[in-house]
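Since the structure comes first, as structure tokens, the remarks are kept for the end.
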Amino acid sequence: MAEQLWKGRFSKAVDSRVNDFNSSIRFDQRMIAQDMKGSGVHAAMLARQGIISEQDCEAILSGLASIADDLASGALEIDPAAEDVHTFVEQTLTARIGDAGKRLHTGRSRNDQVALDIRLTLRDYSHTLQGLIADLVRVLCKKAGENTASVMPGYTHLQRAQPITFGHALMAYVWMLLRDLERFADATRRMDAQCPLGSGALAGTTYPLDRQFTAEKLGFAAPCPNSLDGVSDRDFCIELAAAIATCMMHLSRLSEEIILWCSWEFKFIELDDAFTTGSSIMPQKKNPDVTELIRGKTGRVYGDLNTLLVMMKGIPLAYNKDMQEDKEAIFDAVDTLELCLKTITPMLDTMRTLPANMRRAAAKGFINATDCADYLTKKGMPFRDAYKLTGCMVSDCIAKDKVLEELTLDQLKGYSDLFEEDIFQAIDLVNCCEGRTSYGGPTAASVCSQIELAEAKLADWEEAQG
Ligand code: ARG
């Protein structure tokens, strides 16, 4: 078993059960690159400040580089018995370079070290996730552009309500995802604002550290101004988890729609065979498992956010071991969203839309009833009366198994003299959709300008990435 860093104070080795219980190497080893990056900068700063010698610094840097090389080539494996990734790196380094390795931890604690490592790791993950969200936005915009004329019923209460297009519906998700992108960028900006390295265990250090130098070299705007907050702040995990949970909620809503849309009851879309699964018993089945899993995994990500919030709520200053629990929760949230985005994007890219079925669904359900009432209103009838009269017409039509546009002009005139030949234009489904010219509406022109706007937002985001 690997030796404890804090062995001197104790007369016995730690019980192996406690060691297993305490160890975080299983889930913090994924921060090893970031841990070594932080150590390299810390060592360089110690040397600049004359706290360690240049030779020691060089030995540390080349030792760290050799560890990185050996990990990459497979010549070195992470010891699963090490307490955590920080211990593993320090002990491996010391085994390779001797005393210089033992000087690396001067003026540093694992408390500020881990606070730094998580920030550096989540910064990388956030960029990956943002890139994947942007990919999804591009696919949705492409599909929306192909479906600006695909009239379908828009729903409220899952009841057919008013005509929209499939393109307009997809763009609604684009706007949700663009807000997600902003949320990730915002959370990441705050994460990168303050560097905890140099906070020490909790109360700083007596060594003349240059915290400005390490903060800048590690890509932070400044060192954090309070050492207690520096080691015990996990707001950035919570903020990222909240952004992830919100994005999962959006993917889950979209998934729910896909599930409905590809059912025989709707059949607005057909998923590619490669993105569906069959049944072991029912030969006809083609199941949208991907979307169901996304819906299911959303609950689990909410759980991760809740874990972090509850974990933090009773923690007195400064570091407490409870905080080791942050990593499994936030990494699970990150991994889950990454997996979902990587799967849903090609699934949507390859799905086939079935506009004829959308149009058929739009023809039923009286989604042009508002337009009929609006027609009468524009001819002078007060809206409330027009609304009531159209309601009666709908009710009569239901009894006769007809739709409004199947009534003859004579039948229409039986309800009101205001009806003229132009009513048929007014309640034509395409016209009803294209007539909704208010800003942000479902017309082809509106969907096209939404796509342009969304692409401009993506370009801004891309530019901000540098
Ligand atoms: N593995 C620990 C964590 O993830 C590192 C910090 C340990 N600090 C300590 N005081 N025991 O939080």
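Rule-based calculations on the coordinates, nothing more; no lab input. These figures come from a predicted structure and were not determined experimentally. As a convention, Cβ positions derive from the backbone with ideal geometry for all residues, glycine included, and neighbour counts pool all protein chains shown.
Tabulated data for the structure shown
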| item | result |
| --- | --- |
| In region 1-95, the GluC sites (Glu not before Pro) that fall in loop regions by DSSP, at most 16 other Cβ within 10 Å | E3, E77 |
| Other-chain or far-sequence residues with amide H under 5 Å of M152's (modelled H) | I164, T165, F166 |
| Estimated FRET transfer efficiency when R0 is 25 angstrom, pair D349-R179 (beta carbons, to 0.05) | 0.70 |
| Degrees separating the helix 235-261 axis from the principal Cα axis of the chain, which is the longest one | 30 |
| Helix 289-313 vs. the chain, principal-axis angle (Cα, 0 to 90°, nearest 10) | 50 |
| Using a Förster distance of 56 Å, the FRET efficiency for F383-E455 (Cβ separation, nearest 0.05) | 0.90 |
| Relative contact order (%) - criterion: Cα under 8 Å, at least six apart; region: region 166-250 | 37 |
| Added length on full extension, which subtracts the Cα-Cα distance from 0.36 nm per residue, E463 to S438 | 5.9 nm |
| Relative contact order (percent, whole number), the chain, Cα cutoff 8 Å, 6+ residue spacing | 16 |
| Label-to-label distance, nm, for residues given as I78 and K364 (7 Å Cα→Cβ offset) | 5.6 |
| Placed amide H near C195: partners under 5 Å, 5+ positions off or other chain | A222, C224 |
| Rounded to 10°, Cα long-axis angle of helix 383-400 versus longest principal axis of the chain | 80 |
| Loop-resident sites, region 221-268, for GluC sites (Glu not before Pro), counting at most 11 other Cβ within 10 Å (DSSP) | E265 |
| Gain in span if fully extended, R253 to A222, counting 0.36 nm per residue against the direct Cα distance | 7.2 nm |
| Rounded Å value of the spacing that divides the Cα centres of region 2-63 and region 276-340 | 30 |
| Extended-chain gain in nm, criterion 0.36 nm per residue less alpha-carbon gap, A33 and S263 | 78.2 nm |
| Cleavage-rule hits (trypsin sites (Lys or Arg not before Pro)) in region 353-423: DSSP loop, at most 14 neighbouring Cβ within 10 angstrom | K364, K402 |
| Partners for K267 among lysines (Cα-Cα distance below 26 Å; same-chain residues under 8 apart left out) | K142, K143, K285, K286, K297, K342, K364, K402 |
| Span from the region 75-149 Cα centroid across to the region 212-260 one, whole angstrom | 14 |
| Amide H partners (placed H, <5 Å) of T277, local residues excluded | N287, D289 |
| Inter-label distance, nm, simple model (7 Å from Cα along the C-beta direction), D186/K313 | 2.3 |
| Given charges at Cβ of Lys, Arg, Asp, Glu: the chain dipole, positive-most of F366, T214, Q465 | F366 |
| Dipole of region 290-363, positive end: most advanced residue of N357, L309, A329 [Cβ charges, Cα centre] | N357 |
| For region 277-286, Karplus couplings with θ = phi - 60° (6.51, -1.76, 1.60), whole Hz, Gly/Pro x | 10, x, 10, 6, 10, 9, x, 7, 6, 9 |
| Mean Cα-pair separation over length for region 343-458, i.e. relative contact order, pairs under 8 Å, 6 or more apart, % | 21 |
